[in-house]
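> I'd like to ask you about the structure that follows.
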Amino acid sequence: MKKGEMIIWDWNGTLLNDIDICIESINRILDNRGRKRITKESYLEFFRFPVIDFYADLGFDFEKEDFDALSDEYMNHYLSIESHSTLQDGALDLLNHFRSRHVHQVVLSVMEQETLARSVQKHRIQHYFSEIVGTGNFYGHGKIELARQFVERSTVSPRQITLLGDTLHDLEVAETLGCNCILIACGHQPYENLIKTDARVEKNLSALFDLITYS
């Protein structure tokens, strides 16, 4: 990458280490329905976008249950324990590394816009980003259209953008936009799934110091 190019960061699972509170939030939903809790291993096996399909894999029947209400319930649990989340190891150093090399940085997430902005601000890193881009709801449908709209109003060519994410959906977004993608296997989908793709995959953010070079 060169001066003036752009990093698009995914938030949940890539910059923010929130997998444990996501699992706990789902388990509280299951507790309320008298159902067996899931393990971290099960979560990593099943998690995917759109999130409604993930819930269906867990056995939720949306002919009997309203998905929007379930999503709201999930977010209420998530926000009640969000303070237990931390930035991923190496995140702050990498943010500084990119900023010192004049690389534009953006956060783009399926999280609702105001909730995303507050979450970024809680970790005191909002000043690293030229834009923080979230969705209009809590329903986890995906972010392809959101990303497309962002790129259309950006002055940076997709060829100058690298998307950093932790899921197969992030790769799908990058392929749709025609930008580069690096997947980090420290979030919501396991290394074993990510490595099956043609994307560059690393196990942690620290690997990106040597992976991305500047001229």
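The values are calculated or read from the model by the stated rules, or taken from the named source; none is laboratory data. For clarity, every value in this text was computed on a predicted model and none was experimentally measured. Glycine also receives a Cβ, built like all others from the backbone with ideal geometry; neighbour counts cover every protein chain displayed. Quick note on the areas: whole protein, heavy atoms, side chains included, nothing else; ligands and nucleic acids left out. Shrake-Rupley method; radii C 1.70, N 1.55, O 1.52, S 1.80 Å.
> So, in segment 47-75, of the ones that are crowded, with 17+ Cβ neighbours inside 10 Å and of a type in the set (Phe, Trp, Tyr), which residue ends up nearest to HIS169 (Cα to Cα)?
So, considering only residues that are crowded, with 17+ Cβ neighbours inside 10 Å and of a type in the set (Phe, Trp, Tyr), the one nearest to HIS169 (Cα to Cα) is PHE49.
> Of the residues in segment 148-186, how many are polar (S, T, N, Q), farther than 26 Å from ILE52 by Cβ and open to solvent by less than 40 Å² (accessible area, probe 1.4 Å)?
Within segment 148-186, residues that are polar (S, T, N, Q), farther than 26 Å from ILE52 by Cβ and open to solvent by less than 40 Å² (accessible area, probe 1.4 Å) number 3.
> In segment 76-88, what residues are open to solvent by 20 Å² or more (accessible area, probe 1.4 Å) and either in a helix (DSSP H, G or I) or within 13 Å of CYS22 (Cβ to Cβ) (or both)?
Within segment 76-88, ASN76, HIS77, LEU79, SER80, SER83, HIS84 meet the criteria.
> Got a sec? Which of ASN32, ASN17 is among the polar types (S, T, N, Q) and over 28 Å from GLU145 (Cβ atoms)?
That would be ASN32, the only listed residue that is among the polar types (S, T, N, Q) and over 28 Å from GLU145 (Cβ atoms).
> Next up: Output the number of the condition that ILE195 fails; it satisfies all remaining conditions of (1) in contact with a strand residue (DSSP E or B) (Cβ under 6 Å, 6 or more places away or on another chain); (2) buried (at least 16 other Cβ atoms within 10 Å of the Cβ); (3) β-branched (Val, Ile, Thr).
Going through the list (1) in contact with a strand residue (DSSP E or B) (Cβ under 6 Å, 6 or more places away or on another chain); (2) buried (at least 16 other Cβ atoms within 10 Å of the Cβ); (3) β-branched (Val, Ile, Thr), ILE195 breaks only (2).
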